[in-house]
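Structure record follows, encoded as structure tokens.
Please treat every number below as a calculation from the coordinates, not as lab data. Computed from a prediction, not measured in an experiment: that's the story for all the values here. Cβ sites come from the backbone with ideal geometry, for glycine too, and all protein chains shown count toward neighbours.
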2 protein chains.
Amino acid sequence: MCELLGMSANVPTDIVFSFSGLMQRGGRTGPHRDGWGVGFYEGRGLRLFQDPQASAESEVAALVQRYPIKSHTVIGHVRQANVGKVCLANTHPFVRELWGRNWCFAHNGQLAQVPRAGAPAFYRPVGDTDSEAAFCELLNRLRNLFPEPVEPEVMLPLLVESCADFRRQGVFNCLLSDGDWLFAFCSSKLARITRRAPFGPATLCDIDLSVNFDSQTGPDDVVTVLATEPLTGNEAWTLFEAGDWSLWRLGECIAQGRA
Amino acid sequence: MCELLGMSANVPTDIVFSFSGLMQRGGRTGPHRDGWGVGFYEGRGLRLFQDPQASAESEVAALVQRYPIKSHTVIGHVRQANVGKVCLANTHPFVRELWGRNWCFAHNGQLAQVPRAGAPAFYRPVGDTDSEAAFCELLNRLRNLFPEPVEPEVMLPLLVESCADFRRQGVFNCLLSDGDWLFAFCSSKLARITRRAPFGPATLCDIDLSVNFDSQTGPDDVVTVLATEPLTGNEAWTLFEAGDWSLWRLGECIAQGRA
């Protein structure tokens, strides 16, 4: 199993605080020693940092923790390998271009197999994880049904149906984004918190680190963080139920439901 | 205009020395202030570092210079923007997946327009540079003619013909790789050097830095470096002629010609 981290915000926000907590689970407070990765959208560009090393010992992870990259949308992941060996090609998040956008995907869980809907295999896995295979299959289905770009609301039914399809093969918690929106699907475990004024202090569970968001934010800031398990101990996180999906833009939930 | 850097080696080799020289051209000894990027293949995975900032001032570039990532194949680039604004989405190298491999591309030059061969626009630019548009067009032509993977020798004619086609629209020096091989096309300016035993000392042109490769290499190591202009002042670089193309694998040239 692995740990997911997602962020959607209405102002460019750094994720150093949450990332610092997540990285501890990569070999220190958690067993996820088999690599980590994080993708930050900057406009339509995507800045991707990855390492097949344990995040708690990674020099690149140390850089990311020192270097407050501000973004509207972030997807991060720490990995405990089940399918696929430990190497860069098997390290989340995975990225593909569709409709001239960078699509970024991370998965927590394991699939007995990745069901094929018969769509042409335009996107093919580079590594040998079930996760990347599922991501490619998802994009192949999307491209097959929508050769030209559509609004997220239009493709949502296919997205949700595909996630539900994958979930029948095992566990499929995932985060997906094209940089404009962030989609989350909960198959077994996923939590969320939306922070907005009045902001208060927060304390990480995994490391002795606190922050007072009040000093770092404006009155209209809205920041939603999604994680496999709550990252802070003194805030009220909401746990998703199995089958819950949600779509986020600029920190706000713009659609949700249960598959 | 921009500066290109490529490496092909038969043992995993760090490119810190050459990279240190190239990065100086990003704002210190050269005018290429509009971003930089470098992609290192690790197996089938690709580790990409990019910044729309001047490389001479980039914290990420400083990390890459401290952190000797060893690779068989590397593509790097510093940018002086002509087409497309300065942002991450317009920063080279560009990456796409084709046939389950990560393809990486960097371009030096400028095209009046990117000629379309009528292949379906499967790959679409995320940013607005002529370079990324040319890369997408190249991959669209390849995918259209070869829906399934072929050996580099089989696709070489299409690759060379497409580069020659682009060159008619302006200047098109480029580096392209799928991690297994490295392809270079010279439209106006590109230099190369192949280092093998007996190795000797080398001194960068752009910064006061010398290295004795003899102490860092084995007797069978073969390392080819390609760059827009020679990076060292005391070694014999070979300059490509306009229209020259070459294909490299494990440091050795496996095919070459003139378009």
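For the reader, a short list of remarks on this structure follows.
- Tally, over the range A:105-151, of residues that are more than 9 Å from every other protein chain (Cβ to nearest Cβ) and either closer than 21 Å to A:Asp34 by Cβ or of a type in the set (Val, Ile, Thr) (or both): 18
- Apart from one condition, B:Ala117 fits all of (1) part of a loop (DSSP other than H, G, I, E, B); (2) buried (at least 22 other Cβ atoms within 10 Å of the Cβ); (3) of a type in the set (A, V, I, L, M, F, W, C); the exception is (2).
- Selection status of A:Val74, under 30 Å from B:Ala133 (Cα atoms), in contact with a Leu (Cβ under 8 Å, 6 or more places away or on another chain) and within 11 Å of another protein chain (Cβ to nearest Cβ): no
- Restricting the range B:206-248 to residues that are among the aromatic types (Phe, Trp, Tyr) and not in a loop (DSSP other than H, G, I, E, B) leaves a set whose member that is farthest from B:Glu3 (Cα to Cα) is B:Phe213.
- Tally, over the range A:80-95, of residues that are β-branched (Val, Ile, Thr), more than 12 Å from chain B (Cβ to nearest Cβ) and buried (at least 22 other Cβ atoms within 10 Å of the Cβ): 0
- Residue check, A:Pro68 part of a loop (DSSP other than H, G, I, E, B) and closer than 17 Å to A:Ile15 by Cα: yes
- Verdict on B:Leu209 being hydrophobic (A, V, I, L, M, F, W, C), under 18 Å from B:Phe19 (Cα atoms) and surrounded by fewer than 18 Cβ atoms within 10 Å (Cβ to Cβ): yes
- Flag if B:Val160 is in a helix (DSSP H, G or I) and free of Cβ contacts under 8 Å to residues at least 24 places away in the same chain: no
- Flag if A:His77 is in a loop (DSSP other than H, G, I, E, B), touching a Gly at 6+ places or on another chain (Cβ under 7 Å) and buried (at least 24 other Cβ atoms within 10 Å of the Cβ): no
- Residues that are touching a residue at least 24 places away in the same chain (Cβ under 8 Å), part of a helix (DSSP H, G or I) and more than 14 Å from B:Gln80 (Cα to Cα) within the range B:50-65 comprise B:Glu57, B:Ala61, B:Val64, B:Gln65, listed in sequence order.
- Among the candidates B:Ala9, B:Ala56, B:Ala61, residue that is away from chain A (no Cβ under 13 Å), more than 22 Å from B:Phe172 (Cα to Cα), in contact with a Ser or Thr (Cβ under 9 Å, 6 or more places away or on another chain) and buried (at least 24 other Cβ atoms within 10 Å of the Cβ): B:Ala9
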